Amino acid sequence: MINKRVLHVVGRMNQGGVENWLMHLFRASSQKGIIFDFIVHDNRIGCFEKEINSLGGRIYRIENYKNPIRYAKQLNSILKNNPEINVIHSHVFKFSGVIMLLSKILGVKTRISHSHTGRQSTSDKFYSFFYDFLMKKLILQCSTDLIGCSDIASRNLFGNNYDSNIKHKKIYCGLDLNPYKNSKYFREWKNKKHFTIGHVGNFSTVKNHELMLSVATELKKNGLLFEMLFIGDGDLRKHIEQKTFDLGLENEVKLLGLRQDVPALLVDRIDLLLLPSLFEGLPLVSIESQAAKVPLLLSRNITDELVINRDLITYLDIKSTDEWVCSITKYYYNEVKPADMKNIIGSRFDIKHCLREFHEIYCR
């Protein structure tokens, strides 16, 4: 029985941290009669769309989303044809200001702006400054709820005084961690022939594949037997693939594309995970990595709110290739032996916690 429909606004329902988390939340919510519909800003079919339809969800495409008048007309049409929708949950960063304004004008009762990133605006152009200023004002004034996945994500979208705003709440994006419940830390390579280094993320500048290729080049020079798996897709995939060949790393670096079996890869194949991102809100693969008891090397630009198993986490400087090479080499030769292994299931990153928090907002 459907008790509630929630309309989420995203770029595209493809493999990605936010989209993956939304599917975890949708699967759990659908069992309680809360169904998710999605506005997407892309005409390409996302890999989750078939499952969304099977769970009772619907996809609405608004491709020319930068035209606010046309957007308003299409959003009005969606709401008019589906009067049962009285919750809109936006995940599109600063453009959420437009979503919140239109939703308020159109009478949507619950309007949620959700920040998932630590990205800062780097443009000094007047247009960008004015856009950022206006969107922030609209978000703060037109949202009923301001949700951040971490402190840095909240500060980035809602301002330095986010914590004193009565609309604000920090809710960690929980996952279904049951696939990892029997995970154990491996003190030897999972594949006896070589050491497996993994990365899960979109092929975009922020994920810093360039650094990982530099690291792979040095590891190969040093004679280490390894494979480096890039799991994901994105605009820079062809560029990274070409650079892999140019550097002579085609035997070591493997681009696996979008995968539905990331938990199995973490548990059964990957020995060490890399996250050298330029910025993040709170990367969910870091939670999966800890649940799978896979050690994680990550950028110092990433929040430490993700840490549950401290012994599995090492923060490194993304300006120093040598730091990354040195740390990987220590794991390669089994010189690092984590001792404290907390069970992440039931922690603040378990799906049950954020499910309860969001259901309270959706159903109030």
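Summary of computed values
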{"item": "Residue count, the stretch 67-87 (criterion: among the hydroxyl-bearing types (S, T, Y) and crowded, with 18+ Cβ neighbours inside 10 Å)", "result": "1"}
{"item": "Where K319 falls short, out of the listed (1) modelled with pLDDT of 95 or more; (2) in a loop (DSSP other than H, G, I, E, B); (3) buried (at least 21 other Cβ atoms within 10 Å of the Cβ)", "result": "(3)"}
{"item": "Failed item, numbered, when E250 is tested on (1) assigned to a loop (DSSP other than H, G, I, E, B); (2) buried (at least 19 other Cβ atoms within 10 Å of the Cβ); (3) of a type outside the set (F, W, Y)", "result": "(2)"}
{"item": "Every residue from the stretch 133-174 that is of a type in the set (F, W, Y) and either outside the structural domain of L25 (by TED's automatic domain parsing) or within 15 Å of the chain's Cα centre (by Cα) (or both)", "result": "Y172"}
{"item": "All positions within the stretch 175-205 that are under 17 Å from K243 (Cβ atoms) and either part of a helix (DSSP H, G or I) or outside the structural domain of L275 (by TED's automatic domain parsing) (or both)", "result": "T205"}
{"item": "Count - residues of the stretch 30-56 that are over 23 Å from M100 (Cα atoms) and not aromatic (F, W, Y)", "result": "16"}
{"item": "Scope the stretch 329-343; condition at pLDDT 80 or above and either over 19 Å from K221 (Cα atoms) or acidic (D, E) (or both); matching residues", "result": "N334, E335, V336"}
{"item": "Filtered residues of the stretch 73-131 (kept if in contact with a strand residue (DSSP E or B) (Cβ under 7 Å, 6 or more places away or on another chain) and of a type in the set (A, V, I, L, M))", "result": "I78, I85, V87, I88, V92, I99, M100, V108, I112"}
{"item": "Hits in the stretch 1-34 - residues which are part of a loop (DSSP other than H, G, I, E, B) and either in contact with a Pro (Cβ under 7 Å, 6 or more places away or on another chain) or of a type in the set (G, A, S) (or both)", "result": "G11, G16, G33"}
{"item": "All positions within the stretch 37-51 that are outside any loop (DSSP other than H, G, I, E, B) and either in contact (Cβ under 8 Å) with a residue 24 or more places away in the chain or under 18 Å from the mean Cα position of the chain (by Cα) (or both)", "result": "D37, F38, I39, V40, E49, E51"}
{"item": "Tally, over the stretch 265-284, of residues that are assigned to a helix (DSSP H, G or I) and either without any contact (Cβ under 8 Å) to a residue 24 or more places away in the chain or under 21 Å from V206 (Cβ atoms) (or both)", "result": "1"}
{"item": "Selected residue [in contact with a Lys or Arg (Cβ under 7 Å, 6 or more places away or on another chain) and among the β-branched types (V, I, T)] from T196, T205", "result": "T196"}
{"item": "Residue match in the stretch 285-305 (condition: in a helix (DSSP H, G or I), among the acidic types (D, E) and over 21 Å from the mean Cα position of the chain (by Cα))", "result": "no"}
{"item": "Any hit, the stretch 331-338, residues being acidic (D, E), touching a residue at least 60 places away in the same chain (Cβ under 8 Å) and closer than 22 Å to V215 by Cβ", "result": "no"}
{"item": "Any hit, the stretch 130-138, residues being closer than 30 Å to G223 by Cβ and loosely packed, with under 14 Cβ neighbours inside 10 Å", "result": "no"}
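The values are calculated or read from the model by the stated rules, or taken from the named source; none is laboratory data. Here the structure is a predicted model, which is why all the values come from computation and not from measurement. No Cβ is skipped: glycine too gets one built from the backbone with ideal geometry, and neighbour counts run over all protein chains shown.
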